[in-house]
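Peer 1: Before we start, here is the structure in question, set down as structure tokens.
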Amino acid sequence: MKKQLLVTSLALSAVLSLGACGSDSDSSNSHDMHNNKNDSHAGMMHSSDGKIPAGLKQAENPKFKDGSDVLLSSDHMKGMDGAKATIVDSFDTTVYEVSYTPTNGGKKVSNHKWVIQEELNPVPASPLQAGDEVTLAADHMKGMDGAKATIDQADQTTVYMVDFKPTTGGKTIKNHKWVTEDELQAND
């Protein structure tokens, strides 16, 4: 009888523990704007103060002018693809897709889009290439600033800071950094 009571108690404890884990997991991600719990952009800071890195040059001939209404065709985070956005500012620079391990001990982030040339420390005199090792000076995500990273891809292009209303609802995201020209469509 004692053995059966012990087994029943253990089984009940396991069920309650698993139920609690599922409940905690769901509630901790209820405000997450990302596609899934394993998303490499889980700590992304959605809005920014709009501060521009030193040395960043205004775009000379951007396809989308400041104040233009556009549609986002990027999926950096949940609610972004198809969202209506407004161009805040545009810059000509080199953008990098990078992989890094956060300084706060989180899981490795793979293929983060985008970090720009002026958000590397030190800022390189010329564009880098895939495979180069860098130190990040960007704070788009928790644990990013100061992290060692590997460049996965590099492109010279125009980047945009945008305000957008997520397709999933919620508050307008202000000064989101960065979206490339090929991730935008005219909103006719």
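Let's see how each residue does on (1) in contact with a helix residue (DSSP H, G or I) (Cβ under 7 Å, 6 or more places away or on another chain); (2) over 20 Å from Asp49 (Cβ atoms); (3) of a type outside the set (A, V, I, L, M):
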site: Ala125; (1), (2), (3): no, yes, no
site: Thr150; (1), (2), (3): no, yes, yes
site: Met161; (1), (2), (3): no, no, no
site: Glu183; (1), (2), (3): no, yes, yes
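Peer 1: Looking only at the range 93-111, decide whether some residue is buried (at least 16 other Cβ atoms within 10 Å of the Cβ), basic (Lys, Arg) and under 24 Å from Asp145 (Cα atoms).
Peer 2: Within the range 93-111 (the criterion being buried (at least 16 other Cβ atoms within 10 Å of the Cβ), basic (Lys, Arg) and under 24 Å from Asp145 (Cα atoms)), the answer is no, since none of the residues qualifies.
Peer 1: Kindly indicate the residue of the range 80-89 that is touching a His at 6+ places or on another chain (Cβ under 9 Å) and crowded, with 20+ Cβ neighbours inside 10 Å and also farthest from Glu181 (Cα to Cα) among those meeting that condition. Please lay out each step first, then the result.
Peer 2: Keep residues of the range 80-89 that are touching a His at 6+ places or on another chain (Cβ under 9 Å), which gives 80, 85, 88.
Now narrow it down to the ones that are crowded, with 20+ Cβ neighbours inside 10 Å: 80, 85.
Numbers: Met80: 15, Ala85: 13 Å.
Checked the range 80-89; the qualifying residue farthest from Glu181 (Cα to Cα) is Met80.
Peer 1: Let me ask another. May I ask you to verify whether Ser90 is assigned to a strand (DSSP E or B) and of a type in the set (Gly, Ala, Ser)?
Peer 2: Details: assigned to a strand (DSSP E or B): yes; of a type in the set (Gly, Ala, Ser): yes.
Yes: the conditions hold for Ser90.
Peer 1: If a residue must be more than 19 Å from His140 (Cα to Cα), in a loop (DSSP other than H, G, I, E, B) and of a type in the set (A, V, I, L, M, F, W, C), how many such residues does the range 59-78 contain? Full working, then the answer.
Peer 2: To start, the set of residues in the range 59-78 that are more than 19 Å from His140 (Cα to Cα) comprises 59-71, 73.
Going one step further and asking which of them are in a loop (DSSP other than H, G, I, E, B), we end up with 59-68, 73.
Applying the additional criterion that residues be of a type in the set (A, V, I, L, M, F, W, C) yields 59, 64.
The qualifying residues number 2.
Peer 1: Do any strands (runs of 3 or more DSSP E) lying entirely in the range 95-188 carry at least 2 residues that are within 14 Å of the chain's Cα centre (by Cα), and which ones are they?
Peer 2: Working: elements: 109-116, 133-135, 148-164, 173-180, 184-186.
Filter on the range 95-188 gives 109-116, 148-164, 173-180.
Peer 1: Does Lys148 meet the test of being in contact (Cβ under 8 Å) with a residue 24 or more places away in the chain and either surrounded by fewer than 18 Cβ atoms within 10 Å (Cβ to Cβ) or in contact with an Asp or Glu (Cβ under 6 Å, 6 or more places away or on another chain) (or both)?
Peer 2: Numbers: in contact (Cβ under 8 Å) with a residue 24 or more places away in the chain: yes; either surrounded by fewer than 18 Cβ atoms within 10 Å (Cβ to Cβ) or in contact with an Asp or Glu (Cβ under 6 Å, 6 or more places away or on another chain) (or both): yes.
When the stated conditions are applied, Lys148 passes them.
Where a number appears in this text, it was derived from the coordinates with a stated rule and is not lab data. Predicted, not measured: the structure shown is a model, and the values here were computed from it. Cβ coordinates were reconstructed from backbone atoms using ideal geometry, including for glycine residues, and neighbour counts include every protein chain displayed.
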